[in-house]
1. Quick one: how many Å² of Phe516 are accessible to a 1.4 Å probe, rounded to 10?
2. Charges at C-beta only: +1 for Lys and Arg, -1 for Asp and Glu. How large is the resulting dipole of segment 297-401 about its Cα centre, in Debye rounded to 20?
3. I'd like the accessible area for Lys565, computed on protein heavy atoms only with a 1.4 Å probe and all protein chains in place. Round to 10 Å², please.
4. Add +1 for every Lys or Arg and -1 for every Asp or Glu among the other residues with Cβ under 13 Å from the Cβ of Val435, and state the total.
5. Quick one: of Lys48/Lys541; Lys86/Lys541; Lys181/Lys541; Lys541/Lys565, which pairs are farther than 26 Å apart, Cα to Cα?
6. Could you rank Met369, Met473 by how accessible they are, 1.4 Å probe, largest area first?
7. So, taking all protein chains as they sit and a 1.4 Å probe, how much accessible area belongs to Glu413, in Å² rounded to tens?
8. Could you put Trp85, Trp528, Trp439 in order of accessible surface area, largest first, with the 1.4 Å probe and the full protein assembly present?
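The values are calculated or read from the model by the stated rules, or taken from the named source; none is laboratory data. What you see is a predicted model, and the numbers here were worked out from it, not measured in a lab. Glycine also receives a Cβ, built like all others from the backbone with ideal geometry; neighbour counts cover every protein chain displayed. Heads up: the accessible areas ignore ligands, DNA and RNA and are worked out on the full protein's heavy atoms, side chains in. Shrake-Rupley method; radii C 1.70, N 1.55, O 1.52, S 1.80 Å.
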Amino acid sequence: MRMDEAQQREYHGLLRELMTYANERLGVVPVFDVFSPAWPIEPELEEKCLLVLQELWHTPDVIDDFAQEEVYRLSASELNLVRSWKDALFGIYIVLEVQDGTALLVGDGILFRVSGFGETLELGFPVLPVCVEGALLPFGDVIVMQEPMRVHGLPPLSKEEANAYAASVECPPISDSRTFKLAARAEKTRALQNKIDYLLNDAEHEDEPSEGFHRGVLYGLPEEERAELVEQEAVALLESLEGEGVADCQVKPQGQGESTPAQDCGELEAIGFPLDQAVRVIESCTYLYGVIELAEAYRLYAEMTLTPISLEEFRGVASGRYWSLCRTGLVFRHGTEYVANRVLSVPCLVHDAVKECGDGALLGLLAAMEEGGATVDELFDALREQLDSRPSNDTTAARIQAAYDRFESQTNEYIDQLIQEHRATPRCPLSSDLVKDGWLDFACSLPEAIALRNFLDGIVPDGENEYFFADRMVEDLMTSVVATGSLGSAVRALKLYGYPYEAPSTVKLIRLVINFYQALPSWDDNGWSRREHMEHLTGRKVFYAPDGSEIRVSDADPCPCGSGKAYGECCGKRRRRIVGASWQRS
């Protein structure tokens with residue numbers, strides 16, 4: 001069933017009025033005008049709509065208040081339609097197919113046949129499946145999806161994989177509004193019980209691993225016990241490799257990520273001045289912001305160090321001269337010198353250019369020299385020597401140069417964009433904990449990272465080392481997200497490990513990945529994470545349950561931060577101040 005123009009006008013008109021009313025009542029965001037000409041193109045307005053809708057579906061009593069106030073203006077059928085939206089089911093869904101004006105969605109093990117917006121989905125997402133976040137709503141006799149919806153994306157699956165996913169759901173698709181309302185109420189009851197279990201610190205029953213996966217020995221262990229077992233396994237593995245005569249082998253236990261500067265004492269002594277703190281500050285800055293003015297990075301470093309090195313020495317470290325110790329680079333834009341993250345630096349652009357040309361010998365050479373701690377100049381000299389030794393009719397050098405020029409142009413354009421956005425957005429403060437721990441260990445210690453890692457401990461692929469798999473996977477996801485700023489890169493990284501998307505726990509895994517993605521810094525937002533940006537817009541601290549779902553708490557509930565106080569006397573104070581300010585503005 002496709003909506004005709006009259007139905008679409010009715011639906012969008014009522015939904016916009018309800019959003020406007022809900023925002024006035026709940027104080028979700030300031031300056032909210034869904035009837036402006038910017039609808040629905042302007043990204044900030046769309047983001048505000050998504051936040052208001054999310055808050056609305058979790059506060060359904062507002063719908064009754066809206067209907068009561070509009071009882072003399074709206075018709076009886078319009079009031080009944082709005083009241084039926086109290087059964088909206090908000091969540092993350094995977095769109096499996098679009099056919100004949102309907103879309104097949106799956107969420108939390110339930111299949112839905114959604115009408116009305118099939119054509120929109122088909123035009124907007126030509127490659128399926130795709131992951132979306134929003135609410136399913138009853139509309140007359142059918143089910144529709146809220147608009148706008150948040151699109152997270154998924155790598156394309158084959159038709160066979162999509163069919164296997166749909167077949168893994170036991171019940172047939174729900175397509176009528178009456179059955180949907182019953183399912184929505186049952187699902188909300190289950191979600192409420194999950195919330196109660198979480199607040200009471202009860203363990204939640206998890207899905208059984210799919211074929212080809214197993215529960216790891218670390219699954220469900222307390223943090224200290226888990227870390228101890230990982231450390232013991234790392235030591236045992238290192239001893240076994242040394243016994244086999246494997247030279248220069250390094251095993252990285254939990255909490256010893258690549259962000260820690262190399263501890264080669266001979267190399268540090270040869271440089272002639274202490275680098276540890278400088279490296280940590282430089283890499284932490286580029287992890288947060290992507291690019292930062294060299295002078296500003298040095299100022300932050302000097303504030304954190306009792307005996308700082310000179311600016312010229314600091315510049316040498318940031319330039320990538322000691323690549324094995326600090327993998328960043330310098331860029332000049334409009335007369336100013338900036339420190340750039342490694343993915344924006346010259347060595348990485350050269351590596352990408354060589355990789356695009358598909359020259360395995362050169363890639364092997366670069367990898368070996370990087371592993372051996374070569375400097376940037378040494379890398380370039382070796383590359384030039386290798387290319388000069390080839391026949392005169394060899395076009396590899398020209399192809400690499402062309403690819404490098406293209407990558408450099410794209411990177412400079414992106415850096416200019418970041419610089420402009422940073423000028424318009426206050427910088428996220430550089431945390432001393434981030435500098436002390438190193439950016440990788442700091443990111444992997446985020447609550448969202450730990451929740452994802454704990455879940456992955458329970459779905460270890462057969463043949464993988466169950467002591468290191470989850471930590472390595474979280475690190476891979478984090479580095480891919482920070483480097484690209486894209487959730488899609490994280491989900492693609494998941495697929496490389498062979499995780500089956502037809503498994504019943506897929507939605508839960510994707511939800512946890514999304515939470516982790518939103519907790520990581522955004523270069524576009526000058527180091528603020530997407531979660532912090534959402535908290536800034538709404539004035540509400542965001543908490544997640546172990547299954548990745550957002551915890552909704554009232555003022556009298558225990559605060560999920562663990563302080564022991566009531567939410568209204570702890571993290572809820574911030575929300576009341578924002579709401580009060582919103583009412584004053586209106």
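1. Phe516 exposes around 10 Å² with every protein chain in place.
2. Roughly 320 debye for segment 297-401.
3. About 110 Å², rounded to the nearest 10.
4. Values: positive: Arg280, Lys436; negative: Asp276, Glu283, Glu303, Asp433, Asp437, Asp441.
Residues near Val435 contribute -4 overall.
5. Violating the 26 Å limit, Cα to Cα: Lys181/Lys541.
6. Working: Met369 45, Met473 5 Å².
Output order, biggest surface exposure first: Met369, Met473.
7. 130 Å²
8. Details: Trp85 0, Trp528 85, Trp439 35 Å².
Output order, biggest surface exposure first: Trp528, Trp439, Trp85.
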